[in-house]
Amino acid sequence: MSSLQGFAAPVGRILLALIFFSSGIGKIFTFDGTTQYMAAQGMPMPALFLVGAIAVEIFGGLSIIVGFKARWGALALIGFTVVASLIFHPFWALEGMERQIQMIMFMKNLSMIGGLLLVVAYGAGRLSIDQRTAGATS
């Protein structure tokens, strides 16, 4: 079982965090369009909030991928995901197909929050910087 854990922990971290990291990078290259989209959703100061979103997604994602301060990265991404879900996926205010699509997006985000909560609860696991530094100090 330990060999499975040795494989599953780093692969799971990468798969969980990849969506955040790649989304943050993507926002850099679509900054103007994303700013306009955020403004259309009623976000005040969209450029400022977009810079914050980019930072949280890239640094939070990286922290989980490499397992450095992974619990803190997961907490930051949980906060980001909760806020983004409530603002950008308000399925409860929609009807028809758009309601269904936004509910799926909202539920996908809840699933990601579940994975992030596991990182908060159990840490980065094997093959992580957090594990190496904990082993060096204990």
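Readers should treat all values here as calculations from the given coordinates under stated rules, not as data from a laboratory. Here the structure is a predicted model, which is why all the values come from computation and not from measurement. No Cβ is skipped: glycine too gets one built from the backbone with ideal geometry, and neighbour counts run over all protein chains shown.
On the basis of being over 13 Å from the mean Cα position of the chain (by Cα), closer than 17 Å to I129 by Cα and in contact (Cβ under 8 Å) with a residue 24 or more places away in the chain, does G60 make the cut?
no
Scanning segment 13-41 for residues that are of a type outside the set (S, T, N, Q) and touching a residue at least 24 places away in the same chain (Cβ under 8 Å) gives R13, I14, L16, A17, L18, I19, F20, F21, G24, I25, K27, I28.
Any residue in segment 85-98 that is aromatic (F, W, Y), outside any helix (DSSP H, G or I) and touching a residue at least 24 places away in the same chain (Cβ under 8 Å)? Scanning segment 85-98 turns up no residue that is aromatic (F, W, Y), outside any helix (DSSP H, G or I) and touching a residue at least 24 places away in the same chain (Cβ under 8 Å).
This table checks each residue for (1) more than 16 Å from S128 (Cβ to Cβ); (2) of a type outside the set (D, E); (3) touching a Lys or Arg at 6+ places or on another chain (Cβ under 8 Å).
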{"residue": "G6", "(1), (2), (3)": "no, yes, yes"}
{"residue": "V11", "(1), (2), (3)": "no, yes, no"}
{"residue": "S23", "(1), (2), (3)": "yes, yes, no"}
{"residue": "T81", "(1), (2), (3)": "yes, yes, no"}
{"residue": "A84", "(1), (2), (3)": "yes, yes, no"}
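Select from segment 66-84 the residues that are over 11 Å from the mean Cα position of the chain (by Cα) and in a helix (DSSP H, G or I) and write down the one among them that is nearest to A40 (Cα to Cα).
Filtering segment 66-84 down to residues over 11 Å from the mean Cα position of the chain (by Cα) leaves 66-72, 83.
When the remaining residues are screened for being in a helix (DSSP H, G or I), the result is 66, 70-72, 83.
Numbers: V66: 35, A70: 33, R71: 33, W72: 31, V83: 16 Å.
Looking at residues that are over 11 Å from the mean Cα position of the chain (by Cα) and in a helix (DSSP H, G or I), I get V83.
For segment 57-88, give me the residue count where each residue is among the β-branched types (V, I, T) and surrounded by fewer than 16 Cβ atoms within 10 Å (Cβ to Cβ). Quick ask: steps written out before the conclusion?
Going through segment 57-88, the residues among the β-branched types (V, I, T) turn out to be 58, 64-66, 78, 81-83, 87.
Next cut, surrounded by fewer than 16 Cβ atoms within 10 Å (Cβ to Cβ) only: 82-83, 87.
Adding up the residues that qualify gives 3.
Just give me the residues in segment 83-138 being among the small types (G, A, S) and out of contact with any helix residue (DSSP H, G or I) (no Cβ under 8 Å at 6 or more places or on another chain), in sequence order. Those that are among the small types (G, A, S) and out of contact with any helix residue (DSSP H, G or I) (no Cβ under 8 Å at 6 or more places or on another chain): A93, G96, S111, G114, A121, A134, G135, A136, S138.
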